[in-house]
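A short reminder: the numbers here are calculations on the coordinates, not readings from a lab. This is a predicted model, so every value here is computed, not measured. No Cβ is skipped: glycine too gets one built from the backbone with ideal geometry, and neighbour counts run over all protein chains shown.
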Amino acid sequence: MPLIAGWKSHQGDLPDAASPAFDDSAWPVAKPDAKGNIGWPKGRRVLWLRQWVTIPRDWQGYASAGTRVHLNLIWWAEKAEIYVGGRFVQAGDLYDAVQRVPVTAAARPGERVLIAVKLTSPGHDSGALSQSRLDIDAPAGRTDPGLLADELEVVDSYLKEIATPTERRQWRPALDRALAALDWRALSRRDQARFEASLTRSRERLVPTAQLTRARTIALLGHSHIDMAWLWTVPETKEVIERTFRSALGLMEDHPRLDFAQSTAQSYQWLERERPQLFDAIRQRVNDGRWELVGGMWVEPDLNLPDGESLVRQVLYGKQYFQSRFGRDIRVGWNPDSFGYTWQLPQIYKKSGIDYFLTTKLDWNDTTKFPHRIFWWQGPDGSKILTYFSNLLGAQIEAVPMAEKARAYEKNTGLPKLMWIYGVGDHGGGPTRDMLDQAERLASSPVYPKIEKTTALAYFEQLAAADPKARRFPTWNSELYLEFHRGTFTTHAGQKQKNRRMEVTLAEAEKFSAASTVLQSTAYPAAELEVIWKKVLFNQFHDILPGSAIPAVYEQADREWREAQAAGEDLRTGALRALAAQADTQGAGLPVVVFNSLATPRDAPVALPAPGNLRGARLVAVDRTGKDVPVQAAGDWLHFWAAGVPGIGHKVFWLRPADAPAPATTGLENAYLRVEVDPRTGDLASIFDKRTGRETLNGPGNRLQFFKDEGQYWDAWNIDPDYEKHPLEAPTLVSLQTVEQGPVRAVVRVVRRFRQSTFEQDLILYRDAPHLEIANRVDWQERHVFVKAAFPLAVRSEQATYEIPFATIERSTLRDTPARKAQWEVPALRWADVADARSGVSLMNDSKYGHDARRTDTGTLLRLSLLRGPEWPDPKADLGEHSFRYALYPHPGDWREAATVRAGLEFNTPLHALPQTIHPGTLPESFLQLDNPQVVVAAWKQVEDGKGWLLRLYESQGQPAAARLRLAIPVRSVVKTDLLERPIAALAVQDGQASLQLGPYEIQTVRVQF
Ligand SMILES: [Zn+2]
């Protein structure tokens, strides 16, 4: 019985409006719009709805006496309260927006019941009541007409879509006979006994078709997606977790059919600390096998933006926690809601003992439909994990939608058993009593597909058993790109930058602490590092790092970032000081110890504050061999070019007075590049690559392109897909001047203005560097404007290469198929590259992620996304100051020959310079070095059990590699481990060195004992 036309309404809150005694005679009747919705304005405004319902004698002829009556509501409201007969019965919110509320357990015709609903509109969107209806269920013992209707519909759809021709011939007549048995005339004559008899007869005739439908199974698993912070803050999340977990435990008491799966180690750790009794009760249910621990990560993170080591730590700390507190080795990966999934995830999962992966977000794609529901997802190294696309989260238990999904799934996979994840989510909730009642109702049906409960692991193990050789299910050998939330690579630039900085800081703090402990027996700060890591891992959550949360979430996140950054820098500085104190700095001049945290020797610029007594002096930096290089003073800083700083190690330079002035460079020109700036616009007019004799640009480079970017419901998440059709005016050039011109580097400053915003860019060219650095200081004041730095390159290529965690990926620049067109904005870590047969150009960055590349008639347009200005859910997202750097690196050959992986790492990991007193020392020049730059050392840390040292390496160019590992202290044993640091095999050690073999993009972890 629809109620939508009968609501009396009032905008604004009133006391007692739910009371039967309240006088609503002055209230108007709400008018539904064309779609049948009752709407009211946004901005957390209250709408009261009241309706007196009289229980009719019959529902279209079906006697109502004794039936169970439910109120069915669906709303779009931030808060909802439902009252029946003046009594509060149920609350809900945006995420818990579908409600089935009991009105009476045994209806009495003629009874009048007041239904009152108080709804509060979302702050950012108008509210709506989109469904309001009364439904009845037959009393126990009678054939339920609603269930029979569901059964008839399901049998019909199975016959049409799944049945073989033979089955169709066999069972179609049974369905027809069942339909024919229904005595509709008895209903119109209100002959209840006769109609009931016809229902029973119809069901009897339908039952034989169960041979078709009950050869199928729907396996149920309860769950509640809980966002760690989103449109609410972390303290509220803790309440949500407690409420949801208590509710699940309570329902388990009464409902043996409920099994419940839940991810996210952090959630359990909060309970362990703050609600120990609840934690123990959960542990009991885990032991019973009814509470399933899944995911194995610290949180469900964003899976485009964190780097490889971050992802490893998500699993390491997550799995370690579950193992230590519950004795469980998690094997099911669980990331249903992240905004796309890096290609490297299969390898990281597989090498962490996770064989299975559950996801679903790609069902949100705006362009193409992802083709598989089950597949082997293959990583760039060849690792494969069995992946299941579940139904969308937040689902109810509903007969027809579940059967539809099961049918579609069987058509796609050939498998007759669907796993259905149900339970209210995002803001917690989980399974409800009504859902479990519905499950019982379906389980009681002799015709509906079989209802079972399952755990995710049990379900996956059955799938794996069905395809032991990985031949039956299709293989997907690429990333899982989400064709939707493309703005999340760019929104809230500050979060992205803090994440990138922490990734660098933590890697360095660990490496230098390890070196200091190994060489100097200082205490390794394992506990401090773990605290910092967990702050970082938390902030990588899939609504924090992507920039899609409310301002209060970022206030807390920023506090955590600041603490983590300060603590990480303290550890790094402490270790560097301890190491520097033992360097041999004896020599003439002021000693400066320069440290390199990368495992290969490098030549790179060094910057250090000018010591007071040397300010204004003309200096050179001299190394131990007596070779000197010029030092350039700029303001309070000194710059020089440090050549040959060993892999994870140090080199001492001495600053001494120069005999003669060193010649300054001229303009923006060195042995590699000649750069020209357009004096009218500040764009780059030319970047001539002297090594290849080629002009790099075929149009104005480093052009700032501004676009209108609005009209998307998911404002922070989505870039307007038509943004290119809405270009805005070019910025105006405010000033262009050379601010440094010395023997080490030249700096040209370009200041431009767009509306209320200012872009100050320093174009920096070192005498010895093959790339042009662009250092930005931006005051950003625009709303709903998207800005990119555009580089039209004179290189024509059908694909661009992008760095992803521990690997690279090629993506098409052609936009010639729907799927390629849909990838009009893509994520990358430190760089993107375009090359033709002769040469190419890499675009490196220190904190940006959004890119696009498109082949044009004459070349390829490569662009870096700089800033956006969404207003929901954070009205001030990205307003204010930003500092970031990017660099253009033209090169002969492709990105492999150009060693772009290393260049990107170096660009993000500057050398550290520590001035010292003169002292003797025995510090080895290299603490740890690899002889093959193709292999990157991502981490050098103490093993989690404290007994030995751990190195994480990866092959970075997609080609097999051999590397020899040399350490400053002779090595006793080297053992290959998985990512959880569990031993796999011992490696041969010769002369204190170990040889490593890595496959393409292989991640290798080794445990070293001295
Ligand atoms: Zn989520």
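Tabulated results
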| quantity | calculated |
| --- | --- |
| More than 17 angstrom apart: percent of Cα pairs within the range 774-842 | 57 percent |
| In the range 57-153, the GluC sites (Glu not before Pro) that fall in loop regions by DSSP, at most 15 other Cβ within 10 Å | Glu111 |
| Residue-averaged [θ]222 nm for the chain, counting only DSSP H segments that reach four residues, each worth -39500 (n - 2.57) | -8000 deg cm²/dmol |
| Vicinal HN-Hα couplings computed from phi for the range 237-254 (Karplus, 6.51 cos²θ - 1.76 cosθ + 1.60; Hz; Gly/Pro x) | 4, 4, 5, 4, 4, 4, 4, 5, 5, 4, 4, 5, 4, x, 5, 4, 4, 8 |
| Computed over the chain: relative contact order in percent, which uses C-alpha pairs under 8 Å that are six or more apart | 10 percent |
| Ordering of 807-819, 931-943, 3-15 by packing [mean C-beta count within 10 Å, highest first] | 931-943, 807-819, 3-15 |
| Rough spin-label spacing in nm, given labels placed 7 Å along Cα→Cβ, for Ala215 and Trp714 | 3.9 nm |
| Separation of alpha-carbon centers, the range 858-912 and the range 759-822, rounded to whole Å | 6 Å |
| The range 209-269: C-alpha gyration tensor shape, a/c 1.5 cut-off, then a/b vs b/c | prolate |
| Loop-located trypsin sites (Lys or Arg not before Pro) in the range 57-95 whose Cβ has at most 14 other Cβ within 10 Å (DSSP) | Arg57 |
| All-pairs alpha carbon distance profile, the range 258-305, 10 Å steps from 0, percent | 26, 50, 19, 5 |
| Gap separating the Cα centres of the range 386-405 and the range 919-995, nearest whole Å | 46 Å |
| Alpha carbon convex hull of the range 490-579, projected area averaged over orientations, nm² | 5.4 nm² |
| Pairwise label distance in nanometres, Ser521 with Glu272, each label 7 Å out on the Cα-Cβ vector | 3.4 nm |
| Cross-link partners of Lys450 among lysines (Cα-Cα below 20 Å; sequence separation of 8 or more within a chain) | Lys160, Lys405, Lys411, Lys417 |
| Shape of the range 145-213, Cα gyration tensor, a/c cut at 1.5 | prolate |
| Cα Rg over Rh - the range 879-1010, Kirkwood | 1.04 |
| The chain - Rg over Rh from alpha carbon coordinates, Kirkwood radius | 1.03 |
| Contour minus Cα-Cα distance for Asp176 and Thr922 (0.36 nm per residue) | 259.3 nm |
| Scattering profile of the range 842-885 at q = 0.21, 0.25, 0.34 Å⁻¹ [log10 I(q)/I(0), Debye over alpha-carbon scatterers] | -0.82, -0.95, -1.20 |
| Residue exposure sequence - Arg624, Arg216 - by fewest surrounding Cβ within 10 Å | Arg624, Arg216 |
| Surface/4 estimate of mean projected area, convex hull on alpha-carbon atoms of the range 4-137, nm² | 8.0 nm² |
| Greater than 22 Å apart at Cα, pairs in Lys361/Lys725; Lys238/Lys351; Lys511/Lys535 | Lys361/Lys725; Lys238/Lys351 |
| Under 5 Å, built H, 5+ apart or other chain: amide partners of Gln131 | Ile74 |
| Rounded to 10°, Cα long-axis angle of helix 276-288 versus longest principal axis of the chain | 70 degrees |
| Separation of alpha-carbon centers, the range 109-162 and the range 582-622, rounded to whole Å | 75 Å |
| Relative packing of peptides 44-53, 592-601 - highest average C-beta neighbours within 10 Å first | 592-601, 44-53 |
| Charge tally in the Cβ shell below 9 Å around Arg325, where Lys, Arg are +1 and Asp, Glu are -1, Arg325 excluded | +1 |
| Computed P(r) (all Cα pairs; the range 670-908; 10 Å bins; percent) | 8, 32, 38, 19, 3, 0 |
| Per-pair calculated FRET efficiency, R0 = 22 Å: Arg777 and Glu563 via Cβ, rounded to 0.05 | 0.30 |
| Extension reserve of the Asp16-Ala34 stretch, reckoned as 0.36 nm per residue once the Cα distance is removed | 3.3 nm |
| Principal axes of the range 613-758: Cα extent on each, largest first, Å | 63, 36, 35 |
| Descending Cα extents along the principal axes, the range 402-455, whole Å | 34, 28, 20 |
| The range 811-900, Cα convex hull volume normalised per residue, Å³ | 123 Å³ |
| C-alpha long axis of helix 265-274 to longest principal axis of the chain, angle in ° | 80 degrees |
